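So the structure is just underneath, and the comments pick up after that.
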Amino acid sequence: MACCHSYFTPHEGGESVFAVDSSAIAFGPGVLAEAGDRARGLGMTRVALFTDSRVRQLPQLAQVWESLVGAGLDVVVFDEVRVEPTDESFAHAVRFATEGRFDGYVSVGGGSVIDTAKAANLYASYPADLLDYVNAPIGRALPVPGPLAPHIACPTTSGTGSECTGIAVFDLLSMHVKTGIASSRLKPSMALVDPTTTHSLPGAVVAASGFDVLCHA
């Protein structure tokens, strides 16, 4: 890492330390078939399976669902995730999670799906006003009080990296701004990354995901 010092410019009073702390990742073709065993290993019995209406129709979602059910888990699907989530869509997902009394979450989709599952897990575990955990200066940036229910993220795009971060992003409609929640507690317990999920993506989504990776880098 010494070679990096020549590229680092410290700022007066600024942060000069960073940590690398990723989710556990299982990677490879067919890994989605392990969802049930992985979920059961994390102690899940009643699972909220998050996705969106388009992914709901794909074989990848069916593969995960069959794996979970085959492992003897009680599974309820939530397919009303909004692409580019808003505070309203987060609230809708939180109501679902709160009423469902789930002890585990599995998300299958892009960053919007994974972020929505993170938010639902958080607010169902520790009910609060939406802005309580939202980053300052938009929100109050209160710390997450404790651990969340286990969450397995199964990304179907390669753009956001949400399966490995403790961040959930959304649009706050009343202020016309994009903001989010950041806490290591939000980081999924595990990511199941099957590269074959990208084979059925439309070309425009592949291109957008690629630009997303470049922008994050």
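The values are calculated or read from the model by the stated rules, or taken from the named source; none is laboratory data. These numbers were taken from a predicted model, which means no experiment stands behind them. No Cβ is skipped: glycine too gets one built from the backbone with ideal geometry, and neighbour counts run over all protein chains shown.
Among the residues of the stretch 124-138, those identified as more than 17 Å from VAL177 (Cα to Cα), part of a loop (DSSP other than H, G, I, E, B) and under 19 Å from the mean Cα position of the chain (by Cα) are TYR126, PRO127. I'd like the residue in the stretch 165-194 that is more than 13 Å from THR116 (Cβ to Cβ) and among the β-branched types (Val, Ile, Thr) and, out of all such residues, is farthest from the chain's Cα centre (by Cα). Here the answer is VAL177. Within the stretch 17-41, restricting attention to residues that are in a loop (DSSP other than H, G, I, E, B) and free of Cβ contacts under 8 Å to residues at least 12 places away in the same chain, the residue that is farthest from the chain's Cα centre (by Cα) is VAL17. Among the residues of the stretch 55-76, those that are surrounded by 17 or more Cβ atoms within 10 Å (Cβ to Cβ), among the hydrophobic types (A, V, I, L, M, F, W, C) and in contact (Cβ under 8 Å) with a residue 24 or more places away in the chain comprise VAL55, LEU61, VAL64, LEU68, ALA71, LEU73, VAL75. The condition of being within 26 Å of GLN57 (Cβ to Cβ), at pLDDT 95 or above and small (Gly, Ala, Ser) holds for only one of ALA149, ALA124, ALA141, ALA120, that being ALA120. Of all the numbered requirements in (1) over 28 Å from TYR123 (Cβ atoms); (2) of a type outside the set (A, V, I, L, M); (3) touching a residue at least 60 places away in the same chain (Cβ under 8 Å), SER184 misses one, and that requirement is (1). Scanning for something over 14 Å from the mean Cα position of the chain (by Cα) and at negative phi, does the stretch 155-164 turn up at least one residue? Checked the stretch 155-164: no residue is over 14 Å from the mean Cα position of the chain (by Cα) and at negative phi. Just wondering, is there one or more residues in the stretch 147-154 that are without any contact (Cβ under 8 Å) to a residue 60 or more places away in the chain, farther than 21 Å from GLY41 by Cα and outside any strand (DSSP E or B)? Scanning the stretch 147-154, I find no residue that is without any contact (Cβ under 8 Å) to a residue 60 or more places away in the chain, farther than 21 Å from GLY41 by Cα and outside any strand (DSSP E or B), so the answer is no.
Set side by side, the residues VAL108, VAL81 differ, and just one is surrounded by 15 or more Cβ atoms within 10 Å (Cβ to Cβ), in contact with a helix residue (DSSP H, G or I) (Cβ under 6 Å, 6 or more places away or on another chain), in a loop (DSSP other than H, G, I, E, B) and of a type in the set (Val, Ile, Thr), which is VAL81. Against the list (1) surrounded by 16 or more Cβ atoms within 10 Å (Cβ to Cβ); (2) more than 23 Å from ALA48 (Cα to Cα); (3) out of contact with any Leu (no Cβ under 9 Å at 6 or more places or on another chain), the condition PHE211 fails is (1). So, SER89, is that one hydroxyl-bearing (Ser, Thr, Tyr), within 21 Å of SER200 (Cβ to Cβ) and modelled with pLDDT of 95 or more or not? Here the answer is no, as SER89 does not meet what is asked. Read through the list (1) in a loop (DSSP other than H, G, I, E, B); (2) of a type in the set (A, V, I, L, M); (3) exposed (fewer than 14 other Cβ atoms within 10 Å of the Cβ); (4) modelled with pLDDT of 95 or more, then give the number of the only condition that MET44 fails. Condition not satisfied by MET44: (3).
Of the residues making up the stretch 140-163, just one is under 22 Å from LEU68 (Cβ atoms) and surrounded by fewer than 19 Cβ atoms within 10 Å (Cβ to Cβ), namely PRO147. Which ones in the stretch 66-90 are within 17 Å of MET190 (Cα to Cα) and in contact with a strand residue (DSSP E or B) (Cβ under 7 Å, 6 or more places away or on another chain)? LEU68, the sole residue that qualifies. No other residue among LYS178, LYS187 is surrounded by 19 or more Cβ atoms within 10 Å (Cβ to Cβ) and of a type in the set (Lys, Arg) apart from LYS187.
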